[in-house]
Amino acid sequence: MRNIFKLFIILFLTQSVVAQEKTELKRTVLKKNYIGLGGVRNSFQDAKFSNTQYHGTLLSLNIGTSRETDKYFWAIDFNGDFTKLSAKTHPFVAAAFHGRFDFTYARKDLSFIHLDGFRGGGKWTVADVNFINFTDLGNNKLNFISSSRLSLFGEYNYAINENLNASFSLAVGLFGLVKEFKSFGYSAPQNVLEDGKFDFQDNGTQNPFSLKYYQFKTIGRLNTIETKLQLNYKKRWSFYYQWNLFNYTTVKRYPLTIAQHIIGARFNFISKTKTK
Amino acid sequence: MKNKALIIIGIILFTTVSCEKIFMKPKPKTTNTAIFEEYTKLVREKYGMLEFKQLDINHLSDSLRVFVNDDLTEDSLFNILGVITSRLKDGHSVLRRYSPLGNELIQAAFFDIEKGYPVSFHQGILDNIYIHSGMTKLSDDRAIYGRLTQDADIAYLRIASFDVDISDSELEEMFTSFSSAKGLIVDVRQNGGGSPNLSTKIASYFTDAEIYIGYENFKVGPGENDFSKSFANLKPSTSSNKFLKPVAVLTDRGVYSATTTFCYSVNPLAKVKFIGQRTGGGSGSVADGYLANGWHWNLSVSEFIGVDDSGNEQHLDNGFEPDISVLLDTLVTTQDEIIERAILELQ
């Protein structure tokens with residue numbers, strides 16, 4: 001854990017400082033603005049209430065912008081998806097919305113990794129919101145899980161031919177702030193009940209959207225893995241398969257898990273190189 | 001080097017996608033025995049009042065397990081699980097079975113908390129004798145309030161359910177109209193609950209100082225001792241229209257859930273008297289969910305220990321006796337004895 005943390009600090013601080021010290025006379029910047037549309041298959045299980053797995057397939061949207069030079073890469077992405085979850089064993093369904101806002105920064109000039117095409121850095125998931133509404137339930141109809149977290153990020157790019165290249169990225173969550181609205185039993189955050197702070201007159205304990213009662217959690221309790229395999233065709237098009245996992249445990253052996261498989265196509269409506 | 005990288009990518013992709021299965025618990029079975037075990041585990045781990053109810057869930061499930069096998073019909077299995085539900089003696093704890101499409105309730109198991117208690121509310125008497133055109137009715141009968149013709153100095157507020165929205169401005173208007181009254185009757189008979197936030201908000205109009213009202217003991221983990229207490233204070237409303245004069249709260253066995261929250265919130269106040277019949281209780285907070293076969297369960301996951309105006313603690317799940325016990329004579333349709341007694345008390 002300590003080594004990962006050190007590596008993370010190295011990536012974010014040392015490399016950027018070194019980079020700033022180097023004077024670049026000329027550099028080319030590849031700017032991309034893009035929109036992606038695809039299908040998503042969501043899986044959801046909250047073991048605190050049932051081991052039943054709920055699945056749903058529907059739409060996924062990605063909007064983002066990126067900049068890339070021969071030294072660094074950064075991207076800002078918004079991802080949203082909507083599905084209707086159901087279980088094979090019973091007819092009751094839940095509407096699930098997932099929205100995420102990410103900032104990714106990676107360096108290409110990592111001297112300690114001898115692999116062409118590799119870039120490494122970090123991803124700050126500024127906000128990740130899962131909103132799952134079991135419409136036929138009463139007090140426990142709402143699952144609301146939101147987090148802001150930092151992940152270690154790595155990407156490998158491979159040119160297949162002149163028009164086609166592939167990239168594979170992996171982001172592993174390290175730590176973050178997280179809030180789950182449901183506790184082991186009731187519709188209030190677990191830490192609110194464990195700390196004896198439940199109060200009908202305190203909106204923060206009752207309102208899932210309140211910014212109070214977020215908790216700092218590290219890998220182990222808050223596990224996130226994101227992988228993406230992407231094929232980039234010429235300047236404009238990309239096709240991707242993404243797999244995301246969110247696993248959060250407030251009560252030992254009763255985790256909440258959300259997994260996503262996304263297949264989509266991305267159109268770079270701006271893709272141009274500038275020399276500065 | 002590139003080939004090596006591609007192999008590594010392939011391995012990472014394969015293992016991470018497989019991780020989903022590692023992180024998720026195996027899908028539950030839906031056989032009769034599996035459903036029986038799932039429900040008894042839920043009650044054992046989540047129900048917040050096994051000790052108060054003196055229910056040995058392990059003994060009960062052991063004694064019922066012998067009747068469960070995978071050849072039982074759904075009706076029979078439901079009836080067996082229903083024994084557990086009714087043994088909880090808790091109006092909040094319910095088990096429901098729906099049709100395969102989920103649109104029709106086929107069976108429900110619950111405990112009837114009003115069984116054996118006298119009728120203490122008559123809508124006809126209330127409408128004909130006490131409610132009049134000069135009273136204000138919030139739309140959809142969310143609340144009725146105004147002065148009583150029997151004594152114009154006494155205000156009357158009827159809230160039939162807390163499962164409604166009453167806005168802050170409506171509450172302000174309501175309590176402004178009470179300001180010149182010398183006493184207020186709050187009639188919550190047959191109010192089975194709804195939003196505890198609303199009931200607490202109304203309760204906050206009856207105090208000008210923060211008062212200790214008790215504690216809620218929440219089940220926070222699967223172990224039998226995994227409880228955590230949240231001590232509760234009633235904080236006064238920020239409104240300038242608080243009602244600090246004598247209040248009579250009319251109760252009966254139909255007072256339940258969020259209405260019990262209202263009652264225990266104002267119970268420590270010396271100026272508040274309860275008149276009528278024993279309340280229903282249901283002081284615990286409720287969780288719900290689905291069994292693997294889709295049966296819908298509700299369980300109380302906490303218990304509330306309240307304090308009265310003498311500071312005595314009492315477990316409120318089975319309700320509490322009012323300060324003044326009054327029976328309603330439903331054969332006499334010209335008066336509501338409970339309202340009349342409240343008027344007398346406030347005079």
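The values are calculated or read from the model by the stated rules, or taken from the named source; none is laboratory data. Only a predicted model underlies this, so the values are computations on that prediction, with no experimental measurement involved. Note that we place each Cβ from the backbone using ideal geometry, even for glycine, and neighbour counts take in every protein chain shown.
Taking the stretch A:111-139 as the search range and keeping residues that are away from chain B (no Cβ under 14 Å) and under 16 Å from residue A:167 (Cβ atoms), which one is nearest to the chain's Cα centre (by Cα)? Before you say what the answer is, go through the steps one by one.
Taking the stretch A:111-139 as the starting set, the residues that turn out to be away from chain B (no Cβ under 14 Å) are A:111-112, A:121-131.
With under 16 Å from residue A:167 (Cβ atoms) added as a condition, the list becomes A:121, A:123.
On the way: A:121: 15, A:123: 8 Å.
Among them, the one singled out is A:123.
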- Task: Say whether the condition of being more than 14 Å from chain B (Cβ to nearest Cβ), among the hydrophobic types (A, V, I, L, M, F, W, C) and under 19 Å from the mean Cα position of the chain (by Cα) is met by at least one residue in the stretch A:205-222.
- Result: yes
Per the filter on the stretch B:102-147, residues surrounded by fewer than 18 Cβ atoms within 10 Å (Cβ to Cβ) and of a type in the set (Gly, Ala, Ser) are B:102, B:108, B:116, B:124, B:133, B:134, B:139
If we keep only residues of the stretch B:262-304 that are facing chain A (nearest Cβ under 7 Å) and β-branched (Val, Ile, Thr), then the residue nearest to the chain's Cα centre (by Cα) is B:286
Note on the stretch B:297-316: residues crowded, with 22+ Cβ neighbours inside 10 Å and either modelled with pLDDT under 90 or assigned to a strand (DSSP E or B) (or both) are B:297, B:298, B:299, B:300, B:302, B:303, B:304, B:306, B:316
Of the conditions (1) touching a residue at least 40 places away in the same chain (Cβ under 8 Å); (2) closer than 30 Å to residue A:233 by Cβ; (3) not acidic (Asp, Glu), the single one that residue A:135 does not satisfy is (2)
Just a yes or no: is a residue in the stretch A:203-212 hydroxyl-bearing (Ser, Thr, Tyr) and at pLDDT below 90? yes
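Looking at the stretch B:178-198, which of the residues that are of a type outside the set (S, T, N, Q) and within 12 Å of the chain's Cα centre (by Cα) is nearest to the other protein chains (Cβ to nearest Cβ)?
Taking the stretch B:178-198 first, the residues of a type outside the set (S, T, N, Q) are B:178, B:181-189, B:192-194, B:196, B:198.
Next, from what is left, pick out any that are within 12 Å of the chain's Cα centre (by Cα): B:192-194, B:196.
Values: B:192: 13, B:193: 11, B:194: 11, B:196: 5 Å.
Checking each candidate, the answer is B:196.
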Scanning the stretch B:57-72 residue by residue, those among the polar types (S, T, N, Q), assigned to a helix (DSSP H, G or I) and surrounded by fewer than 14 Cβ atoms within 10 Å (Cβ to Cβ) turn out to be B:58, B:63
Within the stretch B:73-101, of all residues that are farther than 24 Å from residue B:301 by Cβ and within 14 Å of chain A (Cβ to nearest Cβ), the one surrounded by the fewest Cβ atoms within 10 Å (Cβ to Cβ) is B:101
Within the stretch B:317-336, restricting to residues that are surrounded by 17 or more Cβ atoms within 10 Å (Cβ to Cβ) and of a type outside the set (S, T, N, Q), the one that is nearest to the other protein chains (Cβ to nearest Cβ) is B:317
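Criterion first (among the aromatic types (Phe, Trp, Tyr) and facing another protein chain (nearest Cβ under 10 Å)) does residue A:239 satisfy it? Break it down stepwise before answering.
Values: among the aromatic types (Phe, Trp, Tyr): yes; facing another protein chain (nearest Cβ under 10 Å): no.
For residue A:239, the condition - among the aromatic types (Phe, Trp, Tyr) and facing another protein chain (nearest Cβ under 10 Å) - is not met.
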Picking from B:225, B:233, B:241, the residue that is within 12 Å of chain A (Cβ to nearest Cβ) and surrounded by fewer than 17 Cβ atoms within 10 Å (Cβ to Cβ) would be B:233
Residues in the stretch B:199-217 that are within 9 Å of another protein chain (Cβ to nearest Cβ), part of a strand (DSSP E or B) and either farther than 15 Å from residue B:316 by Cβ or of a type in the set (D, E, K, R) (or both) total 1
When every residue in the stretch A:167-183 that is at the interface with another protein chain (Cβ under 7 Å from one of its Cβ atoms) and surrounded by fewer than 23 Cβ atoms within 10 Å (Cβ to Cβ) is compared, the one farthest from residue A:146 (Cα to Cα) is A:168
Discussion item. So, residue B:164, is that one touching a Ser or Thr at 6+ places or on another chain (Cβ under 7 Å), of a type in the set (A, V, I, L, M) and either in contact (Cβ under 8 Å) with a residue 24 or more places away in the chain or assigned to a helix (DSSP H, G or I) (or both) or not?
Written reply: no
